[in-house]
Amino acid sequence: MYNEIDVGKFRNNFSEKALLLDELNNKGKDEGWCIFAGTLGSSYDVPTLIKCAERFNGGKIKFLVAGSRAYENIVKESTKKLNDLFYLGRLLLNQLIPIYEYCDIGLATYTAGSNVDMPDKFYYYTAAKLAVINSLTGEIAEHNENEKLGVNYIPGDLDSLYNAIKSVSIDNNLKYYKNNSNK
């Protein structure tokens, strides 16, 4: 059995003020914002996410990372070198929801060895009307593909993640995936 959320109640929290980043108020209309929210542990594809942020750096794609654990210091150090990678720290869900409203793409980035099948972040990302970039196989991959919510990528493969974000972030594609996620 999987967890569930009350989507209406979740979306009511969009009206709360996101207090964490001045950049949230300065988002360019042609920018795409990706968010990863979760544990920064060894079963998450954080190194590939950081390499992807490096490849996009200086462009129109921004990366927001919220969480803590093993990769936290690596993320913090990377934010010092990259203009388009922001570390938000460890946040509670009620602190994340207003931030999701500014974002376009939710990153469900797991390693190939992860035993997660249907993560809670999938519910949060779709409730937040985000396109989903996913590395898991199983039900989340099937839903992502069948419902046209986003794109699946190969974990640990920088080109695969980069191309997934690039293809989703194209304006008409992004609107399409976000609309499907909203449904």
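Could you tell me which residue of segment 1-52 is modelled with the lowest pLDDT, considering only residues that are among the basic types (Lys, Arg) and over 20 Å from ILE133 (Cα atoms)? Steps first, please.
Residues of segment 1-52 among the basic types (Lys, Arg): 9, 11, 17, 27, 29, 51.
In the following step, the residues that additionally are over 20 Å from ILE133 (Cα atoms) were identified as 9, 11, 17, 27, 29.
Details: LYS9: 66, ARG11: 71, LYS17: 59, LYS27: 81, LYS29: 81.
If we take residues in segment 1-52 being among the basic types (Lys, Arg) and over 20 Å from ILE133 (Cα atoms), then LYS17 is modelled with the lowest pLDDT.
Residues that are touching a His at 6+ places or on another chain (Cβ under 8 Å): which helices (runs of 4 or more DSSP H) entirely in segment 71-133 hold 1 or more of them? Quick ask: steps written out before the conclusion?
Values: elements: 72-81, 93-100, 120-127.
In segment 71-133, 120-127 are the helices (runs of 4 or more DSSP H) which contain 1 or more residues that are touching a His at 6+ places or on another chain (Cβ under 8 Å).
Anything in segment 140-160 that is farther than 19 Å from MET118 by Cα and among the hydrophobic types (A, V, I, L, M, F, W, C)? List them, or say none.
Selection gives LEU158 alone.
Can you name the number of the only condition in (1) at negative phi; (2) outside any helix (DSSP H, G or I); (3) at pLDDT 95 or above; (4) surrounded by fewer than 21 Cβ atoms within 10 Å (Cβ to Cβ) that SER167 fails?
Going through (1) at negative phi; (2) outside any helix (DSSP H, G or I); (3) at pLDDT 95 or above; (4) surrounded by fewer than 21 Cβ atoms within 10 Å (Cβ to Cβ) one by one, SER167 breaks only (2).
Which residue out of LYS60, LYS76, LYS121, LYS129 is within 27 Å of ILE170 (Cα to Cα) and at pLDDT 95 or above?
Working: LYS60 fails: at pLDDT 95 or above; LYS76 fails: within 27 Å of ILE170 (Cα to Cα); LYS121 fails: at pLDDT 95 or above.
On inspection, the qualifying residue turns out to be LYS129.
Return the residues of segment 105-138 that are of a type in the set (A, V, I, L, M, F, W, C), touching a residue at least 24 places away in the same chain (Cβ under 8 Å) and closer than 11 Å to ALA37 by Cα; say none if nothing qualifies. Working first, answer last.
Initially, segment 105-138 is screened for residues of a type in the set (A, V, I, L, M, F, W, C), giving 105, 107-108, 112, 116, 118, 122, 127-128, 130-133, 136.
So of that shortlist, the ones also touching a residue at least 24 places away in the same chain (Cβ under 8 Å) come out as 105, 107-108, 112, 116, 118, 127-128, 130-133, 136.
Those that are of a type in the set (A, V, I, L, M, F, W, C), touching a residue at least 24 places away in the same chain (Cβ under 8 Å) and closer than 11 Å to ALA37 by Cα: LEU107, ALA108.
Could you tell me how many of the residues in segment 139-183 are closer than 17 Å to PHE36 by Cβ, over 14 Å from the mean Cα position of the chain (by Cα) and among the polar types (S, T, N, Q)?
1
Can you tell me which residues in segment 134-152 are open to solvent by 60 Å² or more (accessible area, probe 1.4 Å), in a loop (DSSP other than H, G, I, E, B) and among the polar types (S, T, N, Q)?
The one that is open to solvent by 60 Å² or more (accessible area, probe 1.4 Å), in a loop (DSSP other than H, G, I, E, B) and among the polar types (S, T, N, Q): THR137.
What's the number of the only condition in (1) closer than 22 Å to LEU64 by Cα; (2) open to solvent by less than 30 Å² (accessible area, probe 1.4 Å) that ASP120 fails to meet?
With (1) closer than 22 Å to LEU64 by Cα; (2) open to solvent by less than 30 Å² (accessible area, probe 1.4 Å) applied to ASP120, the lone miss is (2).
Regarding LEU161, is this residue of a type outside the set (Phe, Trp, Tyr), modelled with pLDDT of 95 or more and in contact with a Cys (Cβ under 6 Å, 6 or more places away or on another chain)? Step through it out loud before you land on a result.
Details: of a type outside the set (Phe, Trp, Tyr): yes; modelled with pLDDT of 95 or more: yes; in contact with a Cys (Cβ under 6 Å, 6 or more places away or on another chain): yes.
It is true that LEU161 is of a type outside the set (Phe, Trp, Tyr), modelled with pLDDT of 95 or more and in contact with a Cys (Cβ under 6 Å, 6 or more places away or on another chain).
Give segment 68-111 a look and list any residue that's open to solvent by less than 10 Å² (accessible area, probe 1.4 Å), over 26 Å from LYS29 (Cβ atoms) and of a type in the set (D, E, K, R), or say none.
Result: no residue meets the conditions.
The values are calculated or read from the model by the stated rules, or taken from the named source; none is laboratory data. The structure presented is a predicted model; accordingly, all values stated were derived computationally and were not measured. Positions of Cβ are generated from backbone atoms using ideal geometry, with glycine treated the same way; all protein chains shown enter the neighbour counts. In case anyone asks, the SASA skips ligands and DNA or RNA and just uses the protein heavy atoms, side chains included. Shrake-Rupley method; radii C 1.70, N 1.55, O 1.52, S 1.80 Å.
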